[in-house]
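Heads up: the structure comes next, in structure tokens.
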Amino acid sequence: MSDLPEHVRLNRALWDRWARDYVEAGERGWARDDPKWGIWGVPDSELGVLPQDVAGKDVIELGCGTAYVSSWVARRGARVVGIDNSEAQLATARRLQREHGLDFPLLHGNAEEVPYPDASFDLAITEYGACLWADPERWVPEAARLLRPGGQLIFLTNSFLLVLCMPPEDDVAATDRLLRPAFGVYRIEWPGDFGVNFYLSHGEWIRLLGRSGFEVEDLIDVRPPEGATTRYPFVTLEWSRDWPCEEVWKARRRA
Ligand SMILES: C[S@@+](CC[C@H](N)C(=O)[O-])C[C@H]1O[C@@H](n2cnc3c(N)ncnc32)[C@H](O)[C@@H]1O
């Protein structure tokens, strides 16, 4: 524990506290077979996040939380492993595994340093997990190491534009103004006790993915459908219909 980087320690304490507020969302995620993504629950049939065929593939979810994403790929025939920094989140995941009769390995650990050999997986995926809470300079090269040549990395996180428009106060929605410079964001420790998040500009993602051994395949700007709802206060539907508040990156490990 004392060897963990500071942001991993802070985020572990935070998520062990927050886990109880994510139980219900985890239960809903596990209960559905048609994946819905992000804070607006946009159906996979509209967004095309999951690869068409994951049956027989080795998949790792980096920052799996309650592991509902893992449950979706497990039901589609993948061999999946989830890793998460919070034992409390994994406790929910383990209970839901038992309730749904699905069993796959769930590791307590840091997605920046995964105890699996090189080239163990065909797909690494994360929805608001490692891609928001772990250091990109550490977890992206680690994902590249874990993937086989030709393997795919898919992640969904806050859009960079949203971060530029988010006031520092908790519970205050993003504005239509740029509130912070785009250069030099990278790591934000939000005031109060909200842990540490990491945000990269599109140029920074492209360069980091490239030098870690990936080809970028796609960048999907998420637009929620009219009438969509969310429990999160940090952005409104009106804002999210005008500008993307989430983005999905897809990258392929070079051979
Ligand atoms: C918002 S949840 C994402 C999981 C799920 N998709 C969800 O939306 O509930 C964020 C998760 O990332 C995990 N996390 C944060 N930092 C991590 C790290 N360095 N390695 C692995 N997991 C991490 C947290 O413990 C938490 O369970």
Whole-Hz couplings from phi, Karplus 6.51/-1.76/1.60, listed for segment 52-66; x for Gly and Pro: 3, 10, 10, 4, x, 8, 8, 10, 10, 9, 9, x, 7, x, 7
Accessible area of segment 146-247 with a 1.4 Å probe: how many percent of it is carbon plus sulfur? 53
In whole percent, what relative contact order does the chain give with Cα contacts below 8 Å and a gap of six or more residues? 19
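Would you kindly work out the equivalent ellipsoid of segment 127-216 from its C-alpha gyration tensor and give its semi-axes, the square roots of five times the eigenvalues, largest first in whole Å?
Over the Cα atoms of segment 127-216, the ellipsoid semi-axes are 27, 14, 11 Å.
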At the level of C-alpha centres, the distance separating segment 97-159 and segment 180-255, in angstrom, is 17
Per-peptide average of other Cβ atoms within 10 Å, ordering 175-187, 230-242, 136-148 highest first: 136-148, 230-242, 175-187
Helix-derived mean residue ellipticity, 222 nm - over the chain, DSSP H n ≥ 4, -39500 (n - 2.57), to 500: -9000 deg cm²/dmol
Computed over segment 166-255, Cα set: Rg, Dmax in Å: 15.3, 45
When the gyration tensor of segment 1-106 is built from Cα positions, what are the square roots of 5 times its three eigenvalues, in whole Å, from largest to smallest? 24, 15, 14
So with the 1.4 Å probe, I'd like the accessible area per residue for the chain, rounded to whole Å². 45
Selected from P115, F183, L162, residue furthest toward positive end of dipole (segment 98-250; charges at beta carbon): F183
Non-local amide H neighbours of V81 (under 5 Å, H modeled in plane, Pro and chain starts lacking H): which ones? V59, I60, E61
Through the Karplus equation 6.51 cos²θ - 1.76 cosθ + 1.60, θ set to phi - 60°, convert the phi angles of segment 239-245 into ³J(HN,Hα) values in whole Hz; use x for Gly and Pro. 4, 6, 7, 8, 9, x, 9
Which whole-number percent of Cα pairs in the chain have a distance greater than 31 Å? 18
Relative to the Cα centre, what is the charge dipole magnitude of segment 12-138, using +1 at the beta carbon of each Lys and Arg, -1 at the beta carbon of each Asp and Glu, and rounding to the nearest 20 debye? 400
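The values are calculated or read from the model by the stated rules, or taken from the named source; none is laboratory data. The shown structure was predicted, so the numbers you read here are calculated from the model rather than taken from an experiment. So basically every Cβ, Gly included, is an ideal-geometry build from the backbone, and we count neighbours across all protein chains shown. Heads up: the accessible areas ignore ligands, DNA and RNA and are worked out on the full protein's heavy atoms, side chains in. Shrake-Rupley method; radii C 1.70, N 1.55, O 1.52, S 1.80 Å.
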